[in-house]
Structures are given as structure tokens and as C-alpha cells.
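Notes to accompany the following structure.
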Amino acid sequence: MSLTKTERAIIVSMWGKISTQADTIGTETLERLFLSYPQTKTYFPHFDLHAGSAQLRAHGSKVVAAVGDAVKSIDNIAGALARLSELHAYVLRVDPVNFKLLSHCLLVTVAARFPVDFTAEAHAAWDKFMSVVSSVLTEKYR
Ligand code: HNI
């Protein structure tokens, strides 16, 4: 699966706005993930996952920063996320279904914060982009 030129342009342009609120977007994404899909909390037994906790905020900002690395290397997402791909597959062993849940929560967060930008076309581009990111992070599983 590869992104079209138009899809790339949408992602890169919206990232310019998203990156100015990266930390709050990361935190909100994780809050939505853990509230709507509590089974995802099983990967974080060592974290305080209450809304707004320091660990939740720190982790949210790392996740969004990694998404930003993928945007910056949108023509070589696999290269940009190689280390994280190994980490999630070999060390963390996160079940791939969870990547769909996290991607969904990120899209909802972006839609809620940038309603005007989040057209149906932008929605489709973000959905596809996050599925490319998720495939890279889960491709080492088999
Ligand atoms: Ni994920 C650690 C990025 C999906 C569970 N994850 C990270 C780190 C980044 C990251 C960055 C920090 C790495 C480091 O410290 O070197 N994770 C991403 C991205 C996605 C993703 C970009 C998807 C788009 N991770 C998921 C999912 C789960 C998940 C779906 C499980 C529900 N991640 C973890 C866990 C850690 C983690 C667990 C380790 C946390 C810690 O610090 O102990």
C-alpha cells in the first residue's frame, strides 16, 4: 500500500498544525484509547494511566513524535520507524489489533481539534497513513 501524492500533501500540510499541539494530542489519543478500549491497558501495568498523569503525557508525546518522524520521512516510513518496529515486535509484543484502535483514537482526536481541516478526503488520507505506519510497526511479527 502506498500513499498518493495528494494524500502525502494532505498529511504533511495538516502535520504543520498538529505538531504545534503534539503533546496534548498525544495525551488525548491515549486517554481515548484507554477509556474506550480498556483491554489496551494490559500493556501498561507499570504506568499510572489516570487522565492527565505524567506517564500518560510523556508516553503520548513519544507516540506523536514517532508519528511526526513518519511524516517527515513520508517517502521512507519503514526506514524512519525501523527501530520502533523491532521494539514493538520483539520486545513489547503488542498484538497488531491494538494498532487499529490507537490509529482510530488519533483520528478522532485530530478530527475533534481540527474539524474544518478534517474533510472526508483528509479522513481517508489519515486512515491510510496510519495503516501504513501500523503495518511498518507490525511487519516483523511473522
Ligand atoms: Ni508503542 C513504546 C510509538 C502503538 C504499546 N511506542 C513506544 C515508544 C514509541 C511508541 C515512540 C517509546 C519507545 C522508546 O522508549 O524507545 N506505539 C508507537 C506508535 C504506535 C504505537 C507510533 C502506533 C501508531 N504501542 C502501540 C500500541 C500499543 C503500544 C497499539 C499497545 C496497546 N508502546 C507500547 C508500550 C511501550 C511503547 C507498552 C513501552 C512503554 C514504556 O515506556 O514502558
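Coordinate-derived values only; no laboratory data. Just so it is clear, the structure is predicted and the values come from calculations on it, not from any experiment. Counting neighbours? That spans all protein chains shown, and the Cβs are built from the backbone with ideal geometry, glycine included.
A few notes on this one:
- Positive-end residue, the chain charge dipole about Cα centroid, Cβ charges, pick of ALA120, GLY16, HIS59: HIS59
- Relative contact order of the chain: 34 percent, from C-alpha pairs under 8 Å at least 6 residues apart in sequence.
- Taking label points 7 Å from Cα along the Cα-to-Cβ direction, LYS100 and SER131 give a separation of 1.0 nm.
- For segment 105-122, backbone phi angles converted through the Karplus equation (6.51, -1.76, 1.60; θ = phi - 60°) give residue-by-residue couplings of 5, 5, 4, 4, 5, 5, 4, 5, 8, 10, x, 6, 6, 7, 6, 4, 5, 5 Hz, Gly and Pro being listed as x.
- Relative contact order of segment 13-69, defined on C-alpha pairs under 8 angstrom at six or more residues apart (%): 47
- Placing pseudo-labels 7 Å out from each Cα toward the beta carbon at VAL12 and GLU139 gives an inter-label distance of 2.1 nm.
- Close Lys pairs in the chain, defined as Cα atoms under 28 Å apart and 8 or more places apart or on different chains, number 24.
- Modelled spin labels at ARG113 and ASP23, positioned 7 Å past Cα toward Cβ, are 1.2 nm from each other.
- Full extension of the chain segment joining LEU87 with PHE44 gains 14.0 nm, where the gain is 0.36 nm per residue of separation less the Cα-Cα distance.
- 3J(HN,Hα) couplings calculated from phi for segment 12-22 with the Karplus curve 6.51 cos²θ - 1.76 cosθ + 1.60 (θ = phi - 60°) are, in sequence order, 4, 5, 5, 4, x, 7, 4, 5, 6, 10, 3 Hz; Gly and Pro show x.
- Amide N of segment 109-142 lying under 11 Å from the label point, which is placed 7 angstrom from the Cα of MET1 along Cα→Cβ: 125-136
- Its relative contact order, with pairs defined as Cα atoms under 8 Å and 6+ residues apart, puts segment 75-142 at 61 percent.
- Within segment 29-142: Cβ-based charge dipole about Cα centre, in debye rounded to nearest 20 (Lys, Arg +1; Asp, Glu -1): 240
- Segment 8-24 and segment 100-139: distance between their alpha carbon centers, rounded to Å: 11
- Normalising the Debye intensity of the chain to I(0), with uniform scatterers on Cα atoms only, and taking log10 at q = 0.09, 0.11, 0.16 Å⁻¹ returns -0.25, -0.38, -0.83.
- Evaluating 6.51 cos²θ - 1.76 cosθ + 1.60 at θ = phi - 60° for every residue in segment 42-50, the Karplus couplings come out as 5, 7, 10, x, 8, 10, 8, 9, 5 Hz, glycine and proline recorded as x.
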